[in-house]
Amino acid sequence: MNRYICDSCGFSFNFSQVPSFCPKCGKEGAAARDTRKAKETARRMIAELNDEDIPVLESLHAGYIAQLAKINAKLETLRQYKKRGIVAPEEMPVVVLKSARDALKEYREQRREEKENA
Ligand SMILES: [Zn+2]
């Protein structure tokens, strides 16, 4: 089901396929996809991204990189200690990193569940 608008009379209506004529004025071939709602949604999303989401993303990314470097440095030091026999292999922290693909899949499943429960 898509929203269409008549170029001739301005009537807006839902239809499952491209309508061959306007159901109100009857003009043939006058109905075009009504993109007003999509344009409104796009403008809102652009504003949200510019005002909030992108600064948050940039900040989180910078923080993530800094934290990643800090943790990796500790792990690398521990690997060196393990090599020198200062740390036993069984003492080493276990690190299990999900692939970005799996993490994204989990995120999408969570979103789906949230939508179903809303
Ligand atoms: Zn019409």
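FYI, it's all coordinate maths here, none of it is from the lab. Everything quoted here is computed from the prediction, not taken from an experiment. Glycine gets a Cβ as well: all are built from the backbone with ideal geometry, and neighbour counts include every protein chain shown.
Counting only residues at least eight positions apart within a chain, or on another chain, the lysines with an alpha carbon under 29 Å from that of Lys27 are Lys37, Lys39. I'd like to know which of Gly85, Cys25, Ala100 lies farthest towards the positive end of the charge dipole of the chain, counting +1 on Cβ of Lys and Arg and -1 on Cβ of Asp and Glu. Among Gly85, Cys25, Ala100, the one farthest towards the positive end of the dipole of the chain is Gly85.
With 0.36 nm allotted per residue and the present C-alpha distance subtracted, the Cys9-Gln67 stretch has 15.0 nm of extension available. Once the Cα atoms of helix 100-117 and of the chain are each reduced to a long axis, what angle between those two axes, in degrees from 0 to 90 to the nearest 10, is obtained? The angle comes out at about 50 degrees.
Neighbours of Glu106 by Cβ distance under 11 Å: Lys/Arg scored +1, Asp/Glu scored -1, total +3.
For Lys105, the lysines whose Cα comes closer than 22 Å to its Cα, not counting residues fewer than 8 places off in the same chain, are Lys115.
For a straight C-alpha distance cut-off of 14 angstrom, the aspartates and glutamates reachable from Lys83 (same-chain residues fewer than eight places away being disregarded) are Glu91.
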